[in-house]
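**Student:** Okay, here's the structure, questions in a sec.
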Amino acid sequence: MKLLRFPLARITSFFILGIIIQSQFQFGLRAVLFVVCFSGALLLTTLLLRSKSKSFVFGALSFAMSTSLGSFCLLAHVAIFNESHFSHHIKNTETSSLLELRVLEKLKTTDYYKRYICEVSSVDSVKVSGKILLNSTRQKGRKHLAVGSNIIVFGKIADHKKPLNPNQFDYGKYLTNKNIFAQVRTESFIIVGATKDIFYYSDRLRQRVLSNLRVAGFQEKELQVFAALLLGQQQEIDPEILRDYQFAGAVHILSVSGLHVGFVLLILNLFLDYLPRTKRWSLIKLSIVILGLWGFAILAGLAPSVVRSVVMFSFVALGMHLRRSTNVFHTLLVSMLLILIFRPGFLFDVGFQLSYVAVFFILWLQPILDRFVTFDNKIARYFWNIVTVSFAAQIGTFPLSLYYFHQFPGLFFVTNLVVIPLLSLIMALGLAVAAWAMMASVPKIMAYCLQQSISILDDVIAAIARFEQFVFRDVAFTLPMLFVSYALIIAAIFWMKKPSFNKLAIAVLLLLLFQLTFVFQNWSAKTEREWIVFHSQKNTVIACRNGEKTSVRSRDSISEKSFEFTLRPYLTANFSSVEKSDSLENFEYFAGKTIFISDSSAVFPNNVSADIILLSQSPKINLERILTSHKPQLIIVDASNYRNDIERWKATCLKQKIPFHATAEKGFYRLKELP
């Protein structure tokens, strides 16, 4: 591939490798700086010396330098290493602190909290820096905090909790990658003003647009979709609508990213196409396009996904201005490297990975697919282009989607055939309406046309989403399978581009390797037997897995929401399914252990000795006497017990030197049967 001959491609690859190495091994600052200086000194020495092997040595040292710089960039951007970070000024995490915060971003509201990402200005009157997650208790009549609001909060700063159930999404790690290392909960706060920066005015602009659309009679359901499509605000979107878009394979259009910015670039170019084709007017056109792209980014709240897309398409616009069509891949690499230099943590963002992989495969694979069929009819050619672009993007993102989300919409090509033409109309009309709404009330006819267009889009998506049999869910896809599948896809594309026996042989061997990887992963899961106590609020949930079959037992019925967040990730990751569900009994036997499960009746048998005791539903017991008489090897306490009881039992076990496992503190408990 010619792209690999481009030096920047190799430099970017090794820079990314350095970021990955640093994230895995967490080298210290001195060690990384030593490698950077040492490789830099050797590189400079090589340049000064004249040697026949200069080219090879220079290349090797350049890549070593790129790798070490990637590690250094990630280390340098970790906010917690800054001496002014608030974490260095918390004397006692058990006591509350007086915090002054500035609201940066509003997140999706949960059942109990309104959540915001905030900048910490001071802790107990000491000036500090750093980001924190604010969880504000939901109260009737309390409005959302505006972006830019300065507030005073009194509360405990807590670290992010690790997932309390197996194979769950690690939200704490996700926040840490965004340089958010802690969170605070509060029931009340005091607003003391606002910081009027670009984020403040961006939020005010969005609220003005939404307010004027409401005045024009825009319905709330369609307004939520409009806010997601053009303003980058998904927080208030209806869960049912979100589910339909997921099942139809169109959820990506609800998150402002490369697709939307690409539409903006296309619309601006079409609008400015009438300008004279002189050097001077070409430069004016470029300036207007780039200002328009960044204006759209500001309107969408300068979210990371929007900023990286605008950076990428700004370079694309520059390449178009210079009339260098061969620069498309180079433009992609420059934008990626530039973003990672300033925000290396973006590499671990799923949106960043999907965006660049999708664009790369569209640029590389779509021209190959396009040659399979040729149409003289313009309309047929237009729809064939939509199909090939959709297939190229989906083939590129297919392994990543399975790895992160474990599902795949089978009707994505049908969705894109219908949605892309409709979306182009909505984007053009939506941008015009948004521009008008920034300044004054929108004419009702314009608002009505836009609302009806969005309504039609929602109806089409809902109709496609009803074919749930075409949505492949709960697909187990491991990291080794991810790497092998990408190697297979790349090998297959090389063969399609220029067929040869050697390329075909490599592709076939990689296909066999993928099958072997899948068989091995599946076999490993099938040979395991384990007994698990899950962390489930106000319920006791136990699973006994024998290979691909799992028996689930619970005190009360398991709600759909609880199943989705507690059991489904575990079952999917272990190639397993629920064989049967039963109510709990007081005794379980597993791996040679006798397990007694208490309930609120607080009745303990005197004639049976239990190796493990599981306390549930806060039984009124004298645990010290039970420990003396039964002498168990372990006490497990799940989330169906009161917190005060858990603390009392923990102290008793500590006194008796009996191991104690509380799922609220340590997460799920797993007992494995040795082979």
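**Student:** When the residues of region 14-51 are narrowed to those that are small (Gly, Ala, Ser) and within 30 Å of residue 348 (Cβ to Cβ), which ends up modelled with the highest pLDDT?
**Tutor:** Narrowing region 14-51 to residues small (Gly, Ala, Ser): 18, 23, 28, 31, 39-41, 51.
The next check asks that each one be within 30 Å of residue 348 (Cβ to Cβ); those that pass are 18, 23, 28, 31, 39-40.
Numbers: 18: 91, 23: 87, 28: 83, 31: 87, 39: 85, 40: 84.
Restricting to residues being small (Gly, Ala, Ser) and within 30 Å of residue 348 (Cβ to Cβ), the top hit is 18.
**Student:** Please find, among 122, 211, the residue that is out of contact with any Gly (no Cβ under 8 Å at 6 or more places or on another chain), in the same structural domain as residue 451 (by TED's automatic domain parsing), modelled with pLDDT of 90 or more and more than 30 Å from residue 575 (Cα to Cα). Step through it out loud before you land on a result.
**Tutor:** Numbers: 122 fails: in the same structural domain as residue 451 (by TED's automatic domain parsing).
On inspection, the qualifying residue turns out to be 211.
**Student:** For residue 172, are the conditions met, namely being without any contact (Cβ under 8 Å) to a residue 24 or more places away in the chain, over 15 Å from residue 89 (Cα atoms), out of contact with any Gly (no Cβ under 8 Å at 6 or more places or on another chain) and in a loop (DSSP other than H, G, I, E, B)? Even if it seems obvious, please write down each step before you answer.
**Tutor:** Numbers: without any contact (Cβ under 8 Å) to a residue 24 or more places away in the chain: yes; over 15 Å from residue 89 (Cα atoms): yes; out of contact with any Gly (no Cβ under 8 Å at 6 or more places or on another chain): yes; in a loop (DSSP other than H, G, I, E, B): no.
Judged against the criteria, residue 172 is not a match.
**Student:** Inspect region 52-66 for any residue being crowded, with 17+ Cβ neighbours inside 10 Å, modelled with pLDDT of 80 or more, of a type in the set (Phe, Trp, Tyr) and in contact with a strand residue (DSSP E or B) (Cβ under 7 Å, 6 or more places away or on another chain) and give the result as yes or no.
**Tutor:** Checking region 52-66: not a single residue is crowded, with 17+ Cβ neighbours inside 10 Å, modelled with pLDDT of 80 or more, of a type in the set (Phe, Trp, Tyr) and in contact with a strand residue (DSSP E or B) (Cβ under 7 Å, 6 or more places away or on another chain).
Results for (1) at pLDDT below 85; (2) within 24 Å of residue 649 (Cβ to Cβ); (3) in the same structural domain as residue 662 (by TED's automatic domain parsing), shown as yes or no for each residue.
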| residue | (1), (2), (3) |
| --- | --- |
| 535 | no, yes, yes |
| 546 | no, no, yes |
| 585 | no, yes, yes |
| 597 | no, yes, yes |
| 607 | yes, yes, yes |
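**Student:** Okay, next question. So which residues in region 609-631 are more than 20 Å from residue 591 (Cβ to Cβ) and basic (Lys, Arg)?
**Tutor:** 620, 625
**Student:** If you don't mind, another one. Determine if region 259-275 includes at least one residue that is among the small types (Gly, Ala, Ser), buried (at least 21 other Cβ atoms within 10 Å of the Cβ) and out of contact with any Gly (no Cβ under 7 Å at 6 or more places or on another chain). Break it down stepwise before answering.
**Tutor:** Let us first name the residues in region 259-275 that are among the small types (Gly, Ala, Ser), namely 262.
If we keep only those that are buried (at least 21 other Cβ atoms within 10 Å of the Cβ) as well, we get none.
Checked against the condition, which is being among the small types (Gly, Ala, Ser), buried (at least 21 other Cβ atoms within 10 Å of the Cβ) and out of contact with any Gly (no Cβ under 7 Å at 6 or more places or on another chain), region 259-275 yields no hits at all.
**Student:** Mind listing just one residue for me: the one in region 87-112 that is among the hydroxyl-bearing types (Ser, Thr, Tyr) and surrounded by 17 or more Cβ atoms within 10 Å (Cβ to Cβ) and, of those, nearest to residue 137 (Cα to Cα)? Explain how you work it out, then say what you get.
**Tutor:** Restricting attention to region 87-112, the residues satisfying the condition of being among the hydroxyl-bearing types (Ser, Thr, Tyr) are 87, 93, 95-97, 109-110, 112.
Next, only the ones that are surrounded by 17 or more Cβ atoms within 10 Å (Cβ to Cβ) stay: 87, 97.
Numbers: 87: 23, 97: 18 Å.
So the residue we want is 97.
**Student:** Within region 221-250, which residues are over 16 Å from residue 433 (Cα atoms), assigned to a helix (DSSP H, G or I) and not aromatic (Phe, Trp, Tyr)?
**Tutor:** Across region 221-250, the qualifying residues are 221, 239, 240, 241, 242, 243, 244, 246, 248.
**Student:** OK, next. Counting only residues that are assigned to a helix (DSSP H, G or I) and under 18 Å from the mean Cα position of the chain (by Cα), which one in region 293-319 is surrounded by the most Cβ atoms within 10 Å (Cβ to Cβ)?
**Tutor:** Here is the first cut: in region 293-319, the ones assigned to a helix (DSSP H, G or I) are 293-299, 304-319.
Next cut, under 18 Å from the mean Cα position of the chain (by Cα) only: 304-309.
Values: 304: 15, 305: 22, 306: 24, 307: 19, 308: 26, 309: 30.
Step by step, filter region 293-319, then rank; the result is 309.
**Student:** Can you tell me which residue in region 357-396 is surrounded by the most Cβ atoms within 10 Å (Cβ to Cβ), limited to those that are without any contact (Cβ under 8 Å) to a residue 60 or more places away in the chain and aromatic (Phe, Trp, Tyr)?
**Tutor:** Within region 357-396, the match that is surrounded by the most Cβ atoms within 10 Å (Cβ to Cβ) is 361.
Quick grid of which residues meet (1) aliphatic (A, V, I, L, M); (2) out of contact with any Ser or Thr (no Cβ under 8 Å at 6 or more places or on another chain); (3) surrounded by fewer than 17 Cβ atoms within 10 Å (Cβ to Cβ):
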position	(1), (2), (3)
523	no, yes, yes
532	yes, yes, no
542	yes, no, no
550	no, no, no
557	no, yes, yes
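This table checks each residue for (1) assigned to a strand (DSSP E or B); (2) closer than 17 Å to residue 402 by Cα; (3) of a type in the set (S, T, N, Q); (4) without any contact (Cβ under 8 Å) to a residue 40 or more places away in the chain.
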position	(1), (2), (3), (4)
462	no, no, no, no
476	no, yes, no, no
486	no, yes, no, no
489	no, yes, no, no
502	no, no, yes, yes
513	no, no, no, yes
517	no, yes, yes, yes
520	no, no, no, yes
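**Student:** So residue 196 fits all but one of (1) farther than 30 Å from residue 86 by Cα; (2) part of a loop (DSSP other than H, G, I, E, B); (3) basic (Lys, Arg); what number is the exception?
**Tutor:** (1)
**Student:** Hey, could you check region 345-356 for residues that are among the hydrophobic types (A, V, I, L, M, F, W, C) and surrounded by fewer than 20 Cβ atoms within 10 Å (Cβ to Cβ) and say which is modelled with the highest pLDDT?
**Tutor:** If we filter region 345-356 for residues that are among the hydrophobic types (A, V, I, L, M, F, W, C), which is where we start, we get 346-348, 350, 352, 354.
From what's left, surrounded by fewer than 20 Cβ atoms within 10 Å (Cβ to Cβ): 348, 350.
Numbers: 348: 88, 350: 85.
Ranking the qualifying residues of region 345-356, first place goes to 348.
**Student:** Being in contact (Cβ under 8 Å) with a residue 12 or more places away in the chain and closer than 23 Å to residue 357 by Cβ narrows it down to one of 226, 218, 247, so name that one.
**Tutor:** Details: 226 fails: closer than 23 Å to residue 357 by Cβ; 218 fails: closer than 23 Å to residue 357 by Cβ.
After ruling out the rest, the residue left standing is 247.
Quick grid of which residues meet (1) in contact with a Phe, Trp or Tyr (Cβ under 9 Å, 6 or more places away or on another chain); (2) over 27 Å from residue 478 (Cα atoms); (3) of a type outside the set (D, E, K, R):
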position: 531; (1), (2), (3): yes, no, yes
position: 559; (1), (2), (3): no, yes, yes
position: 566; (1), (2), (3): yes, no, yes
position: 569; (1), (2), (3): yes, no, yes
position: 573; (1), (2), (3): no, no, yes
position: 583; (1), (2), (3): no, yes, yes
position: 597; (1), (2), (3): yes, yes, yes
position: 603; (1), (2), (3): no, yes, yes
position: 606; (1), (2), (3): no, yes, yes
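**Student:** Which members of region 137-151 meet the condition of being buried (at least 16 other Cβ atoms within 10 Å of the Cβ) and not in a loop (DSSP other than H, G, I, E, B)?
**Tutor:** Answer for region 137-151, where residues must be buried (at least 16 other Cβ atoms within 10 Å of the Cβ) and not in a loop (DSSP other than H, G, I, E, B): 149, 150, 151.
The values are calculated or read from the model by the stated rules, or taken from the named source; none is laboratory data. Quantities reported herein were computed from a predicted structural model and do not represent experimental measurements. When we count neighbours, we look across all protein chains shown, and the Cβ atoms used for this are built from the backbone with ideal geometry, even at glycine.
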